[in-house]
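Comments concern the structure below.
Computed from the coordinates by the stated procedures, all read-outs in this text should not be read as laboratory data. Model, not experiment: these values are computed from the prediction. Ideal geometry is used to build each Cβ from the backbone, glycine not excepted, and the neighbour counts take in all protein chains shown.
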Amino acid sequence: MDIQENLKYTKEHEWVRIEDDNIAIIGITDFAQSELGEIVYVEVDTIGESLSKDEVFGTIEAVKTTSELFLPLTGKIIEFNPQLDENDGDSPDLVNSDPYGEGWIIKLEIENTEEISDLLDATAYKELIS
């Protein structure tokens with residue numbers, strides 16, 4: 001199972017990469033995509049909205065099931081990965097093949113940086129899934 005040391009994680013199996021200027025890139029973990037199976041659709045209809053931590057920002061659909069995506073930090077959703085969008089790239093399978101790279105889901109403008117300390121580090125996430 002690929003768990004990257006430079007990322008933060010949630011108990012809902014999402015990863016967070018903090019970029020400059022309070023921007024976070026968010027996706028689902030390698031563990032989550034392997035549990036879901038083949039990803040066939042990702043929907044994010046909250047672009048431009050400000051949401052609170054733990055609110056649903058979208059859904060991810062696999063052959064087996066559909067799961068809600070929960071926001072790991074309070075903020076404004078500023079971008080949905082165009083490669084995943086059915087109207088643009090229509091390649092939701094990138095979440096399976098490259099969950100920490102090309103398969104990222106959203107970019108978020110962080111409104112409360114104090115919440116970052118609530119996220120799990122790689123060691124804590126490894127313990128969660130083992």
Worksheet item: Failed condition for residue 24, given (1) more than 11 Å from the chain's Cα centre (by Cα); (2) buried (at least 17 other Cβ atoms within 10 Å of the Cβ), with all others met?
Response: (1)
Discussion item. Given the criterion over 22 Å from residue 123 (Cβ atoms) and not small (Gly, Ala, Ser), identify the matching residue among 95, 16.
Written reply: 95
Practice prompt. Please list, ordered by first then second residue, the pairs with beta carbon atoms under 9 Å, 6 or more apart or interchain, first in the range 62-90 and closer than 19 Å to residue 15 by Cα, second assigned to a loop (DSSP other than H, G, I, E, B) and basic (Lys, Arg).
Written response: 70/53; 71/53; 72/53; 73/53; 74/53; 75/53
Worksheet item: Restricting the range 65-104 to residues that are of a type in the set (Phe, Trp, Tyr) and assigned to a loop (DSSP other than H, G, I, E, B), which is farthest from the chain's Cα centre (by Cα)?
Response: 100
Worksheet item: If you scan the range 70-115, which residues turn out to be farther than 14 Å from residue 19 by Cα, surrounded by fewer than 20 Cβ atoms within 10 Å (Cβ to Cβ) and among the β-branched types (Val, Ile, Thr)?
Response: 74
